[in-house]
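A.B. asks: Take this structure, written in structure tokens, and hold onto it; I'll ask about it next.
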Amino acid sequence: MMSLASIRSIWLARCRVDFRKGHWSLLAEAYSLGLEPLEGEALFFIGGDKRKVKIIHSDPTGLWVSYKIFHKSAMKTLIDFTSEPCSTSITSAKLGMLIEGSAFTVHKRVKPFVRNPD
């Protein structure tokens, strides 16, 4: 069973990656982004059609590559792919929403509540 306890930080790749790549090629992609999956960093790749997700991370026993295909529709997230390799740090809450297919992009921030000094 896959353990997420060893994950130190979560990264989202914003560049396109060939989804035919396996463990070692994805590990090379992570290294090209300056990440260390063998040291506890998890890296998520999103397919160009936003219907697939690949995850690479490791635990003390080996390297994991997980894969998910969305059946009904593409993810609703508004991720812009870049031509240059880059990645963005995300929280575990954003990761949960990404895996469920939800959007986590903020379009408009609400002004903070300020109490009237009486």
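The values are calculated or read from the model by the stated rules, or taken from the named source; none is laboratory data. All figures in this text were calculated on a predicted structure; none of them were measured in a lab. Please note: Cβ atoms are built from the backbone with ideal geometry, for glycine as well, and neighbour counts cover all protein chains shown.
A.B. asks: Do we have LYS72 as without any contact (Cβ under 8 Å) to a residue 40 or more places away in the chain, in a loop (DSSP other than H, G, I, E, B) and in contact with a Ser or Thr (Cβ under 9 Å, 6 or more places away or on another chain) here?
C.D. replies: Spelling it out, it is not the case that LYS72 is without any contact (Cβ under 8 Å) to a residue 40 or more places away in the chain, in a loop (DSSP other than H, G, I, E, B) and in contact with a Ser or Thr (Cβ under 9 Å, 6 or more places away or on another chain).
A.B. asks: Hey, does region 42-53 have a residue that's aromatic (Phe, Trp, Tyr) and touching a residue at least 40 places away in the same chain (Cβ under 8 Å)?
C.D. replies: Taking region 42-53 first, the residues aromatic (Phe, Trp, Tyr) are 44-45.
Subsequent filtering for residues that are touching a residue at least 40 places away in the same chain (Cβ under 8 Å) retains 44.
Within region 42-53 (the criterion being aromatic (Phe, Trp, Tyr) and touching a residue at least 40 places away in the same chain (Cβ under 8 Å)), the answer is yes, since at least one residue qualifies.
A.B. asks: Regarding TYR67, is this residue closer than 20 Å to SER6 by Cα, of a type outside the set (D, E, K, R) and without any contact (Cβ under 8 Å) to a residue 12 or more places away in the chain?
C.D. replies: Numbers: closer than 20 Å to SER6 by Cα: yes; of a type outside the set (D, E, K, R): yes; without any contact (Cβ under 8 Å) to a residue 12 or more places away in the chain: no.
When the stated conditions are applied, TYR67 does not pass them.
A.B. asks: Another question, then. Report yes if some residue within region 35-52 is out of contact with any Cys (no Cβ under 6 Å at 6 or more places or on another chain), loosely packed, with under 13 Cβ neighbours inside 10 Å and on the phi > 0 side of the Ramachandran plot; otherwise report no. Give the steps one after another, and end with the answer.
C.D. replies: Of region 35-52, the ones out of contact with any Cys (no Cβ under 6 Å at 6 or more places or on another chain) are 35-52.
Within this subset, residues satisfying the condition of being loosely packed, with under 13 Cβ neighbours inside 10 Å are 39, 48-49.
With the extra rule that they be on the phi > 0 side of the Ramachandran plot, the set shrinks to none.
No: region 35-52 contains no residue that is out of contact with any Cys (no Cβ under 6 Å at 6 or more places or on another chain), loosely packed, with under 13 Cβ neighbours inside 10 Å and on the phi > 0 side of the Ramachandran plot.
A.B. asks: Okay, moving on. Could you tell me which numbered condition ARG51 fails, if it satisfies all but one of (1) closer than 15 Å to LEU98 by Cα; (2) of a type outside the set (S, T, N, Q); (3) at pLDDT 90 or above?
C.D. replies: (3)
A.B. asks: If you don't mind, another one. Cβ-Cβ below 6 Å, separation at least six or inter-chain, first residue in region 11-33 and aliphatic (A, V, I, L, M), second outside any loop (DSSP other than H, G, I, E, B) and surrounded by fewer than 14 Cβ atoms within 10 Å (Cβ to Cβ): which pairs?
C.D. replies: That search, which allows pairs on different chains as well, returns LEU12/THR88.
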